[in-house]
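The values are calculated or read from the model by the stated rules, or taken from the named source; none is laboratory data. Just so it is clear, the structure is predicted and the values come from calculations on it, not from any experiment. Because the Cβ atoms are built from the backbone with ideal geometry, glycine has one as well, and the counts that use them run over all protein chains shown. Just so you know, the surface numbers come from the protein's heavy atoms only, side chains and all, with ligands and any DNA or RNA stripped out. Shrake-Rupley method; radii C 1.70, N 1.55, O 1.52, S 1.80 Å.
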Amino acid sequence: MSNSQESLHKVNFAPLRGFAATFKSHAKETLFPDDPFKQFKNEKRPIKKVVQYFIPIFEWLPKYNLKLFGLGIVVDFLSHSTIVGFISGTAIIICLQQLKGFFGQTKFTTKTDVISVLHAVFKYRDEWKWESAVVGLIFLAFLLFTRYLKKRYPKLFWVSAIAPMVTVVVGGLFAYVAHGEKHGIQIVGHLKRGINPLSIRDLNFESQYLPVTLKAGIITGILALAEGIAIGRSFAILKNYQTDGNKEMVAFGMMNIVGSLTSCYLTTGPFSKSAVNYNAGCRTAMSNVVMAIGMMLTLLFLAPLFSYTPLVALSAIIMTAMFGLIEYEEAYRLFKVDKFDFCICMAAFLGVTFISMDVGLLMSVGLAILRALLYVARPATCKLGIMPDSSLYRDIEQYTMATGIPGILVLKLGSPIYFANCSYLKERIMRWIRDEADITSAKVNKVEHLLLDIGGVSTIDMTGIETLQELGRSLEVNGIKMGIVNPRMKVMEKMILSEFVDKVGRESFYLSVDKAVEACRF
């Protein structure tokens, strides 16, 4: 083999990257799921692209057509298991809360947990109105029937889409003609015509109010953001859409800033209204624009007409939307596939149903983080063996036909090497060596070389480097040589800067397991 060919198959000890390049790379990987700046290169108007990236409406609105109704470091912790538990638990408590309108009750609890809601339903059962319950059941049956038609005959999707509006209109006409409010059927009541007045003149930045406002705003903003992103991703997962936490943050911020100038409530993307949109077939953020325009026109011209809308009709619409979101089949599948995932799901479900939505999210995310920490603290290692009639090395437990190499122990590490798992990794590697010695009692077959395949190690800290140095010294005392296989660029840079490479020797680094084994044999 010529020198040029040989150099192509050696570990690359390239010059180290500067701090600026390293920081830029890490920042982009940490904060963004994609490269947000790549699309701005060679652009004549980069500012326009920047605005479109961070405020998506300026990108999709000019391209919008009527064929499109999708959902616009927190999202990463909302696992599939969390979403299943969160969405199912929230659907149940919202369904139960609609019993107030279903039975025509006026007294109720402000709490959201199942026990408090059911307690309120039966505590004030003297307010139950059978007329309201009958009307509610009729509306509910009609809405469920339209959903059945949509599933059975997809071309009739429009029937399900207009069903909520039909329910509101028919319910309003019925309540008006039959004087429903006199027969226990509660109605919305008087609606004032007109839209919210501007409130920019009422903004107060006096020092005596500002600290309290900032504190309340930060806490409310964090909770609203976490809950809104969870709800958004819940529905995105149902239709295999993608959400970007950074853009969600900008969207929430922009909406609430503008809303604060026009007498609006805090914008959080409520679950019940999102579910109604989803159930109606909405697919893009344009549904919110249409809804806002429709609401504005209604408030300006039609508000008095909707004053006769029965509350039980609204309850039936919301309950219908909720029924399809209780994913008991998916929870059972999680139980069969991964018990820890099932526990994460149930933490969200039980937390939401018996405590609150925020606590349920925190419990589930906390368990997910704990699981991630366990993966880091107790990383998996495996012994590699060579497959018959090939140069491939695979896990000997998974591929029983793979065989070990006499005198050479090849181990694969598959996670970052941090201070939290260094001691465990060292002890686990030493145990592999002891187990190998027990298997091969003949002196000729004792372990002479340890090869660590760290291609799956994405990063390493100083404690991890020190641990590898200690491991190398311990092995050297026992006559075992250590080799490093396929280190990644980030890991290699730290090993060079810490002088680990010089202490171990560059000849101890290999491009592949096959090359390392070949070198050990000779």
Subject >> When residues of region 472-490 are limited to those that are part of a loop (DSSP other than H, G, I, E, B) and under 19 Å from VAL11 (Cα atoms), the one farthest from the chain's Cα centre (by Cα) >> reply: ASN486
Original post:
Within the bounds of region 177-188, is there any residue that is assigned to a helix (DSSP H, G or I), at pLDDT 80 or above and within 30 Å of PHE103 (Cβ to Cβ)?
Top reply: yes
**OP:** For ALA224, state whether it is at pLDDT 80 or above, within 30 Å of GLN105 (Cα to Cα), in a helix (DSSP H, G or I) and open to solvent by less than 90 Å² (accessible area, probe 1.4 Å).
**Re:** no
**OP:** Six or more apart or on different chains, Cβ under 8 Å: which pairs go from a residue in region 346-360 that's not basic (Lys, Arg) to one that's not in a helix (DSSP H, G or I)? Could you list them?
**Re:** THR353/ASP113; PHE354/ASP113; ILE355/ASP113; SER356/THR112; SER356/ASP113; MET357/THR112
Subject >> Restricting region 282-291 to residues that are open to solvent by 60 Å² or more (accessible area, probe 1.4 Å) and part of a helix (DSSP H, G or I), the residue that is nearest to GLY184 (Cα to Cα) >> reply: MET291
**OP:** Quick one: LEU191 ticks every box in (1) hydrophobic (A, V, I, L, M, F, W, C); (2) assigned to a helix (DSSP H, G or I); (3) within 19 Å of SER315 (Cα to Cα) except a single one, so which number is it?
**Re:** (2)
Subject >> Residue pairs meeting the criteria (Cβ under 6 Å; at least 6 apart or on separate chains; first farther than 14 Å from LEU468 by Cβ, in region 495-522; second modelled with pLDDT under 90) >> reply: LEU511/HIS9; LEU511/VAL11; ASP514/SER391; VAL517/ILE405
Subject >> Residue that is surrounded by the most Cβ atoms within 10 Å (Cβ to Cβ) [pool: residues in region 164-202 that are in contact with a helix residue (DSSP H, G or I) (Cβ under 7 Å, 6 or more places away or on another chain) and on the phi > 0 side of the Ramachandran plot] >> reply: GLY184
Original post:
For the subset of region 451-486 comprising residues that are among the charged types (D, E, K, R) and open to solvent by 50 Å² or more (accessible area, probe 1.4 Å), which member is farthest from ARG521 (Cα to Cα)?
Top reply: GLU466
Subject >> Verdict on PHE103 being open to solvent by 60 Å² or more (accessible area, probe 1.4 Å), more than 15 Å from GLY360 (Cβ to Cβ) and at pLDDT 85 or above >> reply: no
**OP:** Could you identify the single residue in VAL121, VAL168, VAL159, VAL134 that is aliphatic (A, V, I, L, M) and closer than 21 Å to ALA303 by Cβ?
**Re:** VAL168
Original post:
Given the conditions (1) among the hydrophobic types (A, V, I, L, M, F, W, C); (2) at pLDDT 85 or above; (3) more than 23 Å from the chain's Cα centre (by Cα), which single one is not true for ALA292?
Top reply: (2)
Original post:
Out of all the residues in region 106-115, which are open to solvent by 40 Å² or more (accessible area, probe 1.4 Å) and not β-branched (Val, Ile, Thr)?
Top reply: LYS107, PHE108, LYS111
Subject >> Candidate set: region 116-154, residues that are within 23 Å of ILE187 (Cβ to Cβ) and not in a helix (DSSP H, G or I); chosen: the one most open to solvent (accessible area, probe 1.4 Å) >> reply: TRP128
